[in-house]
Every structure is written in C-alpha cells, then in structure tokens.
Amino acid sequence: MKEATRDELRKALLFAAAVASLVFVALAYRPALEAPFVWDDHVLLDGAASYRRAPLLDLLTEPFWPEGSLTDARPRYYRPLVLLSYRFDLALGGAPDQFHFTNVLLHLATCTLFAVCARRLGASWEAAVLAAPTWGVMPRLTEAVAWVSGRADVLACCFGLGALAVWPAARSDAEPRRTLIGTWVRAVLAGALVFASCLSKEVGLAFALVVAILAGRRDARRAGLCLGLPVLGYAALRTIALAGPSSASRDLGAGTRLGTVFEAVARYAEMILDPFRSRTSIGLVGEVDTVRAAVGGTLAALALVIAAVFVRRAHAKGSTSRQGMQVGLVLAATSLGPVLHVVPLALAGSVAADRLLYVPLAGIMLAIACAPLPRPRVFAAAALAGTLLLGATTTARANDYTEELRFWIVAAEQAHPHNTMPRMALAGVLLGRREPELACRLYDRSLETLAQSRAAPSAERRARENRAVCAVRLGRYEEALALTEALARSHPESARIQLAVAFAHLHLRAFDAAASSFARAAALDPALTARIGVPAERLRRIQAADRFFEDLEARKNEPVRYAKHLADLGRLPEACDAFLAVATNRRAAPDARYDATAFLLLHGSLEAAELATAAFPPGPDWDDDLRPVLPRRRAHRRALEAVLPRVEALAR
C-alpha cells in the first residue's frame, strides 16, 4: 500500500515538474510575443507573396522564398509546411503577435516531445523532465523561436521528435494480430511525421536516419517501407518545386571553401560549448579565420576517429541508454553536417547561425539525458541552476527582438568587422522611419568597408542602390542620378536599376531622359515596370503640370495641386514643405488639410507630422489606419534617442 502511494506521489510530482518546466520555458520567451516582424519576415510575410493566395495543394510545388525583381536573388529552398503554417496565422488575423504565439507554442510542443523521446531512448523520467527545459531555454535557440522566419527549424524538429516518439519498438511478425496491426499503424504514423519534418526543412532527413537506427535490423523491412516511401516522395516533390534556374552561388575556390568548412566546424563547437552568447551574425564567408580553421580541422579529424570507433562498437549488444546516446549523437552530427559549407550555403554572408543549432543541440541533450551520469543528484542540482541562468539569458536575448532598431544595433555591434549586412539592415530601418541622414551615414560607412573586404559584389550593389534612395530623401537629386547611372553602366541588365535611373531623371525634371529609362526598364522586365513605373501618358501629364507650375502665381493659387505635383515628381522634401503649408492654413478646405496631414504622417518628418496634426487635429471622420501613426512614430523616435550614441558609433 505504501509502495503504491509512493509511486502515485512520484508520478504527481513528475507531472507537476513537467508542467512547471513548460511554464518556465514559456516565461523565458514571453518578450517574443510582443516582437514585430524583423529581417526576412518582411519579405516572407509581404502582402505580395504568392503563397498567401495560392491553393493549399499548390504550396507543395512552390519554392519557399517569394520571387520578385524588387528583392535580391535568394537560394531556392523547399519548405511548404512552413508556408502552410503562415497561412494558418494569416487566417487568424496575421498580426505579428499571432505569428510569434505560434512559434512559442510549437517550441513548447517540441520540448514536450523532447522529454517523451528522452524517456523512450532510455533516460529516466526525472532526467527527461530536467533535460527538456534545459534544452528549451538555451539562448542559441532564441533565433529559431523569437524570429518568425526561424520557424522552419522548430517545425522540422517538432515533427521529427514526434516520429521518434511514436515509432514502435522492435517486434516479431508472429505476435497477435491486434498488436501487429497497432505496430504497423505506429510505423506508418512515424513515416508521415518524418515526411512532415522534411516538408518543413531539409533537416528532417536526419530524423529519418535516426528513426531507422531506432528500428534496427529486426525492423529493417518495416522501416524501409514506412520511411523510404515518404523520403522518396519528398525528394520528388522537392525536385518538381525547385526545377529551373537557381541563383548563382559565390565561387570561393577550393582552398577558401575548405578553410570555411573547418572554420564552421570550430565555430559550431565554440557555440555549443558557449551557449550563452547568442548572435545574429557569426563570422564572414570569404575571409577565413585561420586559427579557427586550424582548430576546426583538428576537431574534424578527431570526430572521424571517434565515429569510426563508435561504428565498430555499434554492433555490440548494449543497453537502452547506450542506444539513446547513439541516436542523440547521430542526430546532432547528421543535422549539423549539411550546414558546414561543404556545399554553398546562404547565411547572409555569415559562417554560422544560431538557429542551425536547434536540432543539433536537441540531439546532444538527448544523448546527455540518456547517459549514465555519476552522482545524479549533484548533476541534477547543477543542471537546475544552469537552466535558471540560461532562461534569464534567453529572456534578455528575446527582448532584442521586441524593437527592430535594437535588434539590428546589437547584430551590427557583434558582427564580423567586414560584414556590412547588419549595418545596412539598420540603415534600412532608419530610412523606413524617415531618418535619412543617419541612414546615409551608415550606408557610406558600409561602402567604405565593402571597398576593403572580399564581400560578394551584390552587397555593394545593394548598398549603392540604397545610398541613392537616401540621397533622394535628402533632396540631393544630382547625387542620386550619378549613383544610379554608375550602377546602370555596371549592371545594364537590371530592370530595377534602370527604374532607379528613370526616377532620378524624373526628380530632376529631365522628362525625355526619364521616358527613355522607363522604356529600357520595360524592355527588361515589363511586369515590374507596369507595377512601379510611370506610364508614358502619366509622364506627359506630369510634364505638362510642371510647365504650368513654372509660374509662381500658379503655385500660390493652387497650393494643394502644386504639393501633389511635387510628390508626383518624387521631390519629397519640397512636397512635405508644400503639404505642411496646406495643413497649417486654416483657410484651406478641410479635405485638402486632411490629405496634407495624412501625407505628412506617412512620408514627412516627425516634426512636420506633429505640426500638421497640431494645426489639424484628428477628428471622428479620420481613417482608423491613420490614428495610430503619430503615436507609433513618436515611439520610434524615443527608441532611436535611447540608442543614438550606439548608432552614431556604428556610422563613424
């Protein structure tokens, strides 16, 4: 009786500990629920992305990244279940907090499955319940959980661990029919989960391998059927979806490629041993860190020796815990191997990325949970203290995602000195928040760095394009024209750059030159030019209006029309001045003042927007979308003022 009571108490305590561990992980990621979209989220979740409207079955034959002339070429990935999950969030409203809630919920589900798998592989329930939150709050996982675009790793791991959890233990075909049917049902379900893991990210193939290891020789036929067919189906669908030309990869040369591989080995080893210092950008492809490359080469050779010994002993009959360690270590190795730059890998110029450790760290923690550790109580106490420290670090890191400006400042400060991507992304955020002067300085600093480094040519091209946009926002139209024409000479095949040249001519009222550039852009990319270009008829109307407003009296008599004409020319600083005069003119028509104030709220400086709304306060007939604009812009300014010295340091 006492034994039964003691067993029930133990189960109750374990259940309470499991619930408490999930609550702890959720609290660690609480700041992420309030985070906006950052980085690639803007591209993936853009309203023009084709997957948002495509039939659901069509997602199975569609590449991951939306393709378009306005965005740079990206690697052709295949992750249809991630796109499907985005559609789910869009159906629930599509606000950033909905996407982040789904990410955190998926991570909690993955933590639960981690504990189940650890127990399945031989760990005690106490070890499994302790290891799950330790893994769940590792700061290196924050990028996958707190960043919407990092969901692929979480989703793939969730389905993969599910497959590992439901795969049946090895059984004999001579068992009772009911048991045999249940075994096949579980095997088919595991195969379906492996298929879902692969459809989430390529790392799902690692789970197919470890489930096959778990099946062993006795279940080889069942594993071959239930795992082989999903993997072949995935390969076929992926081939169909990614058929066609892909973006050209950067040629590093054999020596640099090998050095990058070894450097990646060293960096991931360093990241595993130091889980606290989470980073957005780690290393720089093309500039090999020779010390790390030497260390990585040594580690790679040592790993091969250990693997050979491990394989030799794998045939020996071992305990369940040894099998769990084997599965965990194989999962870690096979999920990390493909991201070591043996083949070209796009990481925004970085050598390593935190999110790519999501599955490898799960494998390592599974192996540790299954290991027969000495003095388990001491180890458990140390693990609990470490988990609390990891959780605090993860919360601090998740806070970086709650403000895009701070996110990119931290990324730029921690990046390789020659990696300009975070600094340029920070400049893009400032440009979007109508802070062109600071953005220009950051782009100038990036161009200086790019001139001295071995960065990809596309980085310099994009920096010059954005620098030209900054010049336009500051009213430096001749400078913008010089920048875009230089780009057009070196990239005559780019419709996007031809359009930039056309608009630069339009800003300077060179209408004939603008018409010629628009025509060249239309010949290169008719769809893009039709979307954002200026049709010939409209260009003629703008030219006629320009001749009309050469008369100073005409400008005075029709201030609203003149302000709109300046906006049509793209001369934003002058247009804002003209609209401010209308908004603060109490004798102007209310509709005209409304339009002027709306323009300044969306396109003018914060100071101009405040002057306009003070003279023409929002009324009951205002568009609901305009009401939150000014408070949001004030919040952005306060956020900038809080970190202005750090931005200034990055711009110097």
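The values are calculated or read from the model by the stated rules, or taken from the named source; none is laboratory data. This structure is a prediction, so every number in the text was calculated from the model and none was measured. All Cβ positions, even for glycine, are placed from backbone atoms using ideal geometry, and neighbour counts span all protein chains on display. Ligands, DNA and RNA are stripped out before the accessible areas are found, and what is left, the full protein with its side chains, is counted by its heavy atoms. Shrake-Rupley method; radii C 1.70, N 1.55, O 1.52, S 1.80 Å.
A few remarks follow.
- Exactly one residue out of Gly150, Gly122, Gly216 is in contact (Cβ under 8 Å) with a residue 60 or more places away in the chain and at positive phi: that is Gly122.
- The single residue among Ala592, Ala649, Ala639 that is more than 20 Å from Arg509 (Cβ to Cβ), in contact with a Leu (Cβ under 6 Å, 6 or more places away or on another chain) and in a helix (DSSP H, G or I) turns out to be Ala639.
- The residues listed here are Ile306, Ile272; of these, the one that is open to solvent by 30 Å² or more (accessible area, probe 1.4 Å), at pLDDT 90 or above and closer than 19 Å to Ile368 by Cα is Ile272.
- Some residue of segment 334-347 being of a type outside the set (D, E, K, R), within 29 Å of Asn419 (Cβ to Cβ), in a helix (DSSP H, G or I) and open to solvent by 60 Å² or more (accessible area, probe 1.4 Å): yes
- Looking at Ala544, Ala563, Ala598, just one residue is out of contact with any helix residue (DSSP H, G or I) (no Cβ under 6 Å at 6 or more places or on another chain), aliphatic (A, V, I, L, M) and surrounded by 16 or more Cβ atoms within 10 Å (Cβ to Cβ), and that residue is Ala598.
- Check on Arg151, under 30 Å from Glu404 (Cβ atoms) and among the charged types (D, E, K, R): yes
- The set of residues in segment 207-222 being within 34 Å of the chain's Cα centre (by Cα) and open to solvent by 10 Å² or more (accessible area, probe 1.4 Å) consists of Ala208, Leu209, Ala212, Ile213, Leu214.
- If you check Leu426, Leu357 for being hydrophobic (A, V, I, L, M, F, W, C), in contact with a helix residue (DSSP H, G or I) (Cβ under 6 Å, 6 or more places away or on another chain), open to solvent by less than 30 Å² (accessible area, probe 1.4 Å) and farther than 19 Å from His42 by Cα, only one passes: Leu357.
- Summed over segment 348-374, residues that are modelled with pLDDT of 90 or more, more than 19 Å from the chain's Cα centre (by Cα) and outside any helix (DSSP H, G or I) total 0.
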